[in-house]
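Below: one structure, written as structure tokens.
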Amino acid sequence: MTVRRREVLSFGWDFDWGEFVIAPRHLEPAIEGILDEAGFWYRAEPLGAWHMHRSVPMFEQADAAAAAVGLLVAAGEQVRNWHAPHQRSADVVRHYAWLTSDGPFPDAAATARTARAEADSRLSRLLSQDSRVVTEMIARGELLVEARRTFDEDEWMIASERGRPDHYLELRHHLPTAQTFVTGDAPESFAGHVRRTFRQLILRETRPPTSARVRAAALPRRAFAPGQSREAASPAPTAAPGRRR
């Protein structure tokens, strides 16, 4: 009796390809059916991955990838997070559940406390009038920073108003100058959208795994600016024409 060797399918996300899955060009019928249903129809080389059409919106891509992960795991297939290979199938299911959620951040209170203390320490520095107003609001707890992440010299944050938990301001803190500015003011009806967007564009890990980063160290790197469109800056990825089947 021949025992089929199970492939390990690694899911990830990239600005050029969007959601992708590292998988062989020729797939087992059951796996191919699940990936086809999710829209992974295009081949990206030399990454060795299947990805969706670039016109599919980011949220829809994440939902489709989450559904594919769930179906593959239920079918007994092994899945991994390409950006964090140590994660196992159950971890990847939880990762996509978190990624596609528009719910509050579980660690928001702790994040707000830390941001408040740091803002208070910055008040002794020379700040512009606009930056001082925002920094004082954080230090006084009038703005509650719920999620944050630093890229290079900039820290990106979303903060809710005290007493208005669904009114979010998007903030940029420039670390070298300690200046903090409001970059967006979202209506309360968009609160879930803001949280989910921050998860998918800012909080999720998008870098290659360590081994791949070492191999790619000599290649040109493109800078990431949250919210910036990559359509004009990035060449179209190599893709197999049309659907796979």
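The values are calculated or read from the model by the stated rules, or taken from the named source; none is laboratory data. Computed from a predicted model, the values in this text were never measured in an experiment. Heads up, the Cβs are rebuilt from the backbone with ideal geometry, glycines too, and the neighbour counts pull from every protein chain shown. Calculation scope for accessible area: heavy atoms of the full protein, side chains included, ligands and nucleic acids excluded. Shrake-Rupley method; radii C 1.70, N 1.55, O 1.52, S 1.80 Å.
Quick notes on this structure:
- Summarising the label geometry, the points placed 7 Å from Cα in the beta-carbon direction at Arg132 and Leu203 lie 3.4 nm from one another.
- Debye intensity ratio I(q)/I(0), log10, the range 17-69, q values 0.14, 0.30 Å⁻¹ (C-alpha model): -0.30, -1.28
- Restriction of the GluC sites (Glu not before Pro) in the range 125-164 to DSSP coil positions whose beta-carbon has at most 10 other beta-carbons within 10 angstrom yields Glu153.
- The range 15-171: relative contact order in percent, alpha carbon pairs under 8 Å with at least 6 residues between: 13
- Accessible surface of the range 116-189 [probe 1.4 Å, protein heavy atoms]: carbon and sulfur percent: 49
- Short-range pairs are left out: with C-alpha atoms under 8 Å and at least six residues apart, the relative contact order of the range 1-76 is 28 percent.
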